[in-house]
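So the structure is just underneath, and the comments pick up after that.
The values are calculated or read from the model by the stated rules, or taken from the named source; none is laboratory data. What you see is a predicted model, and the numbers here were worked out from it, not measured in a lab. Every residue, glycine among them, receives a Cβ derived from its backbone with ideal geometry; neighbour counts consider all protein chains shown. Note: accessible area is taken over every heavy atom of the protein model, side chains too, but ligands, DNA and RNA are not part of it. Shrake-Rupley method; radii C 1.70, N 1.55, O 1.52, S 1.80 Å.
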Amino acid sequence: MKLRLAVLDATSCKPKKCSYECISVCPVNKGGRAKAIDADVAVRSQPVVYEDACIGCGLCVRACPFEALHIVNLPTELEEEAVHRYGVNKFKLYRLPVPKERQVVGLIGKNGSGKTTAIKILAGELKPNLGRLEKEPEWDEIIRHFRGSELQSYFKLLADQKVRVAHKIQYVDLVPRKVKGTVGELLKRADERGVARELAAQVGLDKLWDRSVEVLSGGELQKLLVVATLSKDANVYVFDEPSSFLDVKERVRVARLIRGEAKPGRYVLVVEHDLAVLDYVSDHVHVLYGEPGVYGIVSLPYSNRSGINEFLDGYLRAENVRLRKEPIRFRPHGEAIEITGGKLISWTSLRVEVGDFRLLVEPGEIRQNQVVGVVGPNGIGKTTFVKTIAGQLKAAEGAVFPAREGEIRVAYKPQYVSPELFSEGATVLDVLRAANPEAVTPGSWLYVELTKKLKLDRLLDREARSLSGGELQKLALAGALAKEADLYLLDEPSAYLDVEERLGVAKIVRRAVENRGAAALMVEHDIMLGDLVADQIMVFSGEPGKEGRASTPGPKRGLNALLADLYITMRRDPESGRPRVNKEGSYLDRMQKARGEFYI
């Protein structure tokens, strides 16, 4: 192992307020700050610790009062496989995914592990420096570096500009800020193959042809970007999180479009946190692991089934690397779910009206120690139902009844989180402490499983209203789950979370419900996450924006109707127990459709 020292959180380092001199305590480098700071960094007053001087004594870590310094071990044997580094004490990427002609290659891993860096390099947007900062390598040297691999010929095509790349960016909210016009105008501008109108019709964008991009929702912007990318005449198509903001139905539609472009002479790369979508769309996957924000390692290619199963198992056999201590396990096929808790809340037949929209709900109940999943398209009334249970909306007909005397304590995480949800001047620390002091007590299970897993421990001194959209979502989710409540109402808790964070949230929802004798109602578009945590489901159907119909909570077999509408089939993986989407036209897909069993 080779010891490296990194400033992981530059925002935590406050050199003007610090009485220490960074690595002056290190016995190797006694020159203090004069040696620790290079000319470029001195302008920004941010310290840089030279890695060659570090012997791993750990004194600087203990001396820093702001917890800005961390010592990280990097594997020496991988140094020859370094692909790119952003700077001293900055992120370093080892290896690259291998694009394959006529196939979809998927990337999976934590946020900050290098997925976006990898696809930027393969898209030709970032020239790899092979881990060297002193002199940028020429293309001939980069091509020689990958000799003997499939990447050698790919980079030769990239260097000779014989590869044209179309890249769907990660952050769709940037679109209205950068471009103006209607959906039709933007797609006509992007259309180089004459297919934009046809592709738009397949995902429902033809109905929004004359709508301005400024008023589009997140899901509509996502579909616009996917169609615009596929309309380009390119050899390589890159999609960074194409399912964000989309409901189950739209995710499958978009996945079908992407998979349809895996043709001769074309390469397709997809970064995705929804494992069911990734499994459906990809032929091979690469797992990215390491220390987020410090270094990332790209695994060897796996088949989609083996790669996702080993990721869930937490151990990559080919790499001999353990990703987590405990595997993620789903309930085996056919295992009965017994709800032992008493009735917590119930409702009669409900009719809820919001403007021109009407929601009809069948009678039902939620019991203690139970998680009820809510699935269905966008605009069908899921959030309306959650708000009705929370008491924010009143039903025109019917009523919601607590099953015991006194008020039921409710913790609510809304679908959209605005800065105004938090008090002016309140920090992240204040919000979490108000929800539950254990959430900010190092060593407690809430701090370890929730605050640290969602990376909120690095933001504790930040003002809540100054956080980004994704950080606001995480704070609202953590605040809701930290509360001692009887009923947790979670509206799209996986929004902005990477796959590891999603699995962590599933674990803590289950633990909170069982330890506190509570219950949870969870709206979720990630089928695998919903299957992992939910005991029963409510299926919403109808006509989006006009009328919604909600079933009573029941067995997960109720997904059969939803999947039949999507005309896709799912089965359980015999090894991990996770739900898998069958490839369209496969033997299992045809067999299940013939039997009318869309969900097994």
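Think of the chain as having a plus end and a minus end, set by charges on the Cβ of Lys, Arg, Asp and Glu; of G148, L460, F245, G148 sits farthest toward the positive end of this dipole.
Take the Cβ atoms of I169 and N320, set R0 to 35 Å, and the FRET efficiency comes out at 0.50. Each of P419, F401, Q222 was placed along the dipole of the chain (beta-carbon charges, centred on the mean Cα), and the one lying farthest toward the positive end is Q222.
The antiparallel fraction among DSSP beta bridges confined to the chain stands at about 50%. Compared with the alpha-carbon gap, the fully stretched path from E136 to V61 is longer by 23.8 nm at 0.36 nm per residue. Element breakdown for the chain at a 1.4 angstrom probe: carbon and sulfur atoms account for 49% of the accessible area. When the surface is traced with a 1.4 Å probe over the full set of protein chains, D160 keeps roughly 70 Å² accessible.
Over the range 190-242, what portion of Cα pair distances is larger than 13 Å, expressed as a whole percent? Cα-Cα pairs of the range 190-242 separated by over 13 Å account for 58 percent.
Multiplying the residue separation of F330 and K162 by 0.36 nm and removing their Cα-Cα distance gives an extension gain of 55.9 nm.
If one computes the Cα centroid of the range 199-236 and of the range 457-489, what distance in Å separates the two points? Measuring centre to centre over Cα atoms gives 32 Å.
Here the dipole of the chain is about 480 debye; that uses its Cα centre as origin and unit charges on the Cβ of Lys and Arg (positive) and Asp and Glu (negative).
Full extension of the segment from V448 to E101, taken as 0.36 nm per residue of separation minus the current Cα-Cα distance, would add 120.6 nm.
Taking all protein chains into account, the per residue accessible area for the chain stands at 44 Å² (1.4 Å probe). Here the Kirkwood formula, the inverse mean of 1/r across different C-alpha pairs, assigns the range 371-419 a hydrodynamic radius of 12.8 Å.
Here Cα Rg over 2.2 N^0.38 Å was calculated from the structure, and among (i) 1.09; (ii) 1.21; (iii) 1.01 it sits at label (iii).
Among the trypsin sites (Lys or Arg not before Pro) within the range 341-447, those in coil by DSSP and having at most 13 neighbouring Cβ atoms inside 10 Å are K394, R404, R409.
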